[in-house]
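We did not get these values from a lab; they are worked out from the coordinates using the rules stated. Computed from a predicted structure; not experimentally measured. Positions of Cβ are generated from backbone atoms using ideal geometry, with glycine treated the same way; all protein chains shown enter the neighbour counts.
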Amino acid sequence: MLTPAQLLSGYAQGVFPMAESADDPRLFWFDPPMRGVLPVGGVHASRSLLRDLRRGGWSAHLDGDFSHVVAACADRDETWINAPLARLYDDLHRDGYAHAIEIRHHDRFAGGIFGITLGTAFFGESMMSAQRNGSKMALLWASSHLARCGFTLFDTQFLTPHLERMGGIEIPRHLYHRELAKALRKKADFLGRPLPDAGQIWQEITQMS
C-alpha cells in the first residue's frame, strides 16, 4: 500500500500515480516523455469565457470541501482516481500538501480543481465542471492564485485540447525535471493569500491582453 510520504517522494522525483479504473485497487507510476504545464498567472481566457465572467455570479472558495471536489472529479464513466488514491489525497490534505479550489456560480457548485503542492510546484491532479465553464473558471482562479502565492510550476501531467486552448504546452521530460528541481528548492504557501474575487480575475486577464 502506497503511503502519503511515498506519494510525495514520487512527486518530488517527477512521477505520479494513476489507477487504470475506479474498480482496480492497483496504482501505477507514470513519467511521460512529454509533460503538460500551464503558465502560472497567464492562463488564456477566450472572449466567450471573459463574457461569462463579466456577467457575474462567479466566486471561488479555497479548501471548503476538499473531499467533495475529489469525489466530483472522480465521478465520471472512466476515471483514474480509485479509492486508495482518494484516501491518499485526503491524507495529504490533512497534512497540508493537497488543496482544492471550488467554483460556484450564483452560489451553486459549478466545478473545481485539486492538486498537490511541494516547494513552488503545484501538481494539478484533476478538474471538473458541474456547470458550463466551471472547470475553465477553476483554471483561471488557480493560475492567478498560484502566481499570487509565489508558485513557479503548474504541472498538468498530460496536455489535453482543453488545456492547450487555455495556454497549456508540452515540454520534454528532461526540461520538466529541471524546472521541477528549481521549484523544489524554493518555498510557497498555497494558503498564504486569499483567493481573488471575480473582478480581480477580470482585471488581471484584460491587462494581459
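Evaluated on region 1-124, the Kirkwood hydrodynamic radius is 16.0 Å, with distances taken between all distinct Cα atoms. The stretch between T160 and S129 holds 9.6 nm of extra length on full extension. This uses 0.36 nm per residue minus the Cα-Cα distance.
Relative to a virtual label point 7 Å from the Cα of H61 in the Cα→beta-carbon direction, which members of region 77-116 show backbone nitrogen distances below 14 Å? Correct set: 100-113.
In the elastic network of the chain, a GNM with C-alpha springs shorter than 10 Å, the most mobile of S144, S48, S59 is S48. Label zone of R54 (point 7 Å out along Cα→Cβ, amide N under 15 Å): in region 155-188 this covers no residue at all. For region 137-182, a/c is not less than 1.5, where a ≥ b ≥ c are the root eigenvalues of the C-alpha gyration tensor, and a/b does not top b/c. That puts it in the oblate class. Using the Cβ-Cβ distance between D91 and R178 with R0 set to 25 Å, the FRET efficiency from 1/(1 + (r/R0)^6) comes to roughly 0.30. Listed from fewest to most Cβ neighbours within 10 Å, the set C73, C149 follows the order C149, C73. Using the empirical formula 2.2 N^0.38 Å as the baseline, the Cα radius of gyration of the chain reaches a ratio of 0.96. What fraction of the DSSP beta bridges in region 88-180 is antiparallel, stated in percent and rounded to the nearest 5? Taking every DSSP beta bridge with both residues in region 88-180, the antiparallel ones total about 85 percent.
Using only Cα atoms and rounding to the nearest 10 degrees, what angle (0 to 90) does helix 198-208 make with the longest principal axis of the chain? Approximately 90 degrees, to the nearest ten. With R₀ fixed at 22 Å, the C-beta to C-beta distance from D107 to T206 puts the FRET efficiency at about 0.30.
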